[in-house]
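The values are calculated or read from the model by the stated rules, or taken from the named source; none is laboratory data. Everything numeric here is computed off the predicted structure, so don't read it as measured data. Quick reminder, even Gly has a Cβ in these numbers, built from the backbone with ideal geometry, and neighbours come from all protein chains shown. Accessible surface areas use protein heavy atoms only, side chains included; no ligands, DNA or RNA. Shrake-Rupley method; radii C 1.70, N 1.55, O 1.52, S 1.80 Å.
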Amino acid sequence: MGVMDGHVALVTGAAGGIGAAAAAALGAAGAELMLADLDAGRLAGTAAALGAAHVMLDVTSRASWEAAVEATIARFGRLSVLVNNAGISEPGDIESVTDDSWSRHIAVNLTGVMLGMQVAAPALRAAGLPAAIVNVASMLSLRPGAPFAAYCASKAGMVALSQAAALHFARSGAAIRVNTVHPGAILTPMLERYLDMNPDQPREEVLAGFAANHPMGRVGEAGEVAQAILFLASPLASFTTGAMLPVDGAGHIRD
Ligand SMILES: NC(=O)c1ccc[n+]([C@@H]2O[C@H](COP(=O)([O-])OP(=O)(O)OC[C@H]3O[C@@H](n4cnc5c(N)ncnc54)[C@H](O)[C@@H]3O)[C@@H](O)[C@H]2O)c1
């Protein structure tokens, strides 16, 4: 018996990092899994390792979302948990961020989450058991950082959108909760790209810089974020909606 028995979870950005860890945690708790990602090669390998189904998904495309939700229903007969985890992060402050980088952040991190919630809503309403959406935001949507202007803005927009959706579903009597998780720096391929970005700076030094932003003195592990996602997706959080759960070693309140 697991807390997610009977649930079917669609997890985006599930080829690796936090998405793969969240899928593993949901699966270990009894959920059936549909893993979705843009990266076909890594996605198939992760799905095989977890015994999960998988589907190609570009979160920026409504047609791609419709196909992914249809594939989930065709395979499992229902959809009760949506984890909007796919995201991108590129450096750029307000003076240097390019139009293209800005547009990419908004398309993936904000529009992608809107499309996912909207397209999945009829299936979540019809799930036959209390449904949940968990959207992966960031510590940087609670405490912005100058070098990541587009990222902070896209994630903060996504939080407001999540809360608007939480209110909507609660007031319309739909059994769909919506919450956000706010990771600090987490050791995943996304963070690895930052560690290797500047060939003149040793990666240990960059990692120590990220760790220093977290009063607990370290960066996090994907599995630690996965447990927070599992909690919010599960019936243990049955009266929690519109909430923001930081998983950042107190980074968002650091003094
Ligand atoms: N790692 C961190 O330090 C950190 C911190 C705060 C928040 N987050 C957030 O956590 C989430 C997961 O990040 P991660 O660290 O595991 O990163 P990651 O880069 O390892 O994984 C992100 C995944 O999203 C997929 N993806 C990107 N664009 C997509 C698209 N258009 N459609 C479908 N899939 C797409 C990628 O292929 C990748 O598999 C992201 O939303 C990220 O912003 C990460």
Give me the tail of P(r) for segment 142-229 as a percent: Cα-Cα pairs with distance above 16 Å. 66 percent
Share of carbon and sulfur in the accessible heavy-atom surface of the chain [1.4 Å probe, %]: 59 percent
In the chain, whole DSSP H helices that both stretch 18 Å or further along their axis by alpha carbon positions and average at least 1.0 on the Kyte-Doolittle scale are 112-125
Taking 7 Å along the Cα-to-C-beta vector as the label spot, tell me the R254-T98 distance in nanometres, rounded to one decimal. 2.9 nm
So what's the back-of-envelope 222 nm ellipticity for the chain, counting only DSSP H runs of four-plus at -39500 (n - 2.57) apiece and dividing by all residues, rounded to 500? -13500 deg cm²/dmol
Please work out the Cα convex hull volume for the chain and give it in Å³ per residue. 128 Å³
A correct Karplus calculation of ³J(HN,Hα) over segment 131-146, with 6.51 cos²θ - 1.76 cosθ + 1.60, θ = phi - 60°, whole Hz and x for Gly and Pro, returns 9, 8, 10, 10, 10, 8, 9, 6, 3, 6, 8, 9, 9, x, x, 3
Given a 1.4 Å probe, how much area per residue of segment 126-220 is accessible, in Å²? 45 Å²
Note on the chain: contact order normalised by length, alpha-carbon pairs under 8 Å, 6 or more apart, percent, works out to 20 percent
Can you quote the Å³ per residue value for the convex hull of the Cα atoms in segment 37-133, rounded to an integer? 113 Å³
In segment 1-135, with Lys and Arg counted as +1 and Asp and Glu as -1 at Cβ, which of these residues, L110, V97, A48, has the Cα nearest the positive end of the dipole, that is, farthest along it? A48
Going by average Cβ density within 10 Å per residue, which order do the peptides 191-197, 129-135, 55-61 take, highest to lowest? 129-135, 55-61, 191-197
Nitroxide proxy distance, nm - points 7 Å out along Cα→Cβ at M197 and I88: 1.5 nm
Suppose every K and R has +1 on its Cβ and every D and E has -1 on its Cβ; what is the size of the dipole of the chain about the Cα centre, in Debye to the nearest 20? 920 debye
